[in-house]
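The values are calculated or read from the model by the stated rules, or taken from the named source; none is laboratory data. Being a predicted model, the structure only gives us computed values, none of them experimental. All Cβ positions, even for glycine, are placed from backbone atoms using ideal geometry, and neighbour counts span all protein chains on display. What goes into the accessible areas is simple: the full protein's heavy atoms, side chains included, and nothing from ligands, DNA or RNA. Shrake-Rupley method; radii C 1.70, N 1.55, O 1.52, S 1.80 Å.
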Amino acid sequence: MTITRTVEGLKNGTVIDHIPAGQGLRILRLFKLAELGERVNVGFNLSSRHMGAKDLIKVENVELTEAQANELALFAPKATVNVIRDSEVVKKHKLAMPATIEGIFACPNSNCISHVEPVDSFFYVSEQTNDIKLKCKYCEKGFSKDIVTAVE
Ligand SMILES: [Zn+2]
């Protein structure tokens, strides 16, 4: 497959498109995309033929890995994550729900040992009918995705 489509205004970096409207800011903050010291372009509530409204994030000079892209699946399972080099799309990540998530979310259990030990948080992810559950490796408590990912 040859990919020739160029991405307006981005020479090298990652474009995260088709984010459900309202989740873009959350993704920016949770994944600290604005703290990388690179230029970030965001579009919120852009019109989308398929989604009605969507958010979009472009990060210059940062290439999201497969694992990082999969972590976005928690918030934006239908997002497209394209890696750009020399204005060309060189990689399109297909998002899959990750089996585990490390180091991004703090455990909601204030008694959890992960808050006092020098360890990264670690959750096992399980998909349920109407929810996604995250189970902490350290205290073994399970939480709804929305509790773990609530941004203050
Ligand atoms: Zn815990």
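Look through Lys92, Lys145 and report the one residue that is of a type outside the set (Val, Ile, Thr) and surrounded by 18 or more Cβ atoms within 10 Å (Cβ to Cβ).
Result: Lys145 is the single residue among Lys92, Lys145 that is of a type outside the set (Val, Ile, Thr) and surrounded by 18 or more Cβ atoms within 10 Å (Cβ to Cβ).
Just to check your reading of the model, which residue among Ala106, Ala34 is open to solvent by 60 Å² or more (accessible area, probe 1.4 Å) and more than 14 Å from the chain's Cα centre (by Cα)? Don't jump to the end; show me each part of the working.
On the way: Ala34 fails: more than 14 Å from the chain's Cα centre (by Cα).
Selected residue: Ala106, the only one of Ala106, Ala34 that is open to solvent by 60 Å² or more (accessible area, probe 1.4 Å) and more than 14 Å from the chain's Cα centre (by Cα).
For region 116-142, give me each residue that is open to solvent by 80 Å² or more (accessible area, probe 1.4 Å), more than 8 Å from the ligand (Cβ to nearest atom) and either modelled with pLDDT of 90 or more or not acidic (Asp, Glu) (or both). Give the derivation first.
Initial filter on region 116-142 (open to solvent by 80 Å² or more (accessible area, probe 1.4 Å)): 116-118, 120, 124, 127-130, 135, 137, 140-141.
So of that shortlist, the ones also more than 8 Å from the ligand (Cβ to nearest atom) come out as 116-118, 120, 124, 127-130, 135.
Of everything in region 116-142, those that are open to solvent by 80 Å² or more (accessible area, probe 1.4 Å), more than 8 Å from the ligand (Cβ to nearest atom) and either modelled with pLDDT of 90 or more or not acidic (Asp, Glu) (or both) turn out to be Val116, Glu117, Pro118, Asp120, Tyr124, Gln128, Thr129, Asn130, Lys135.
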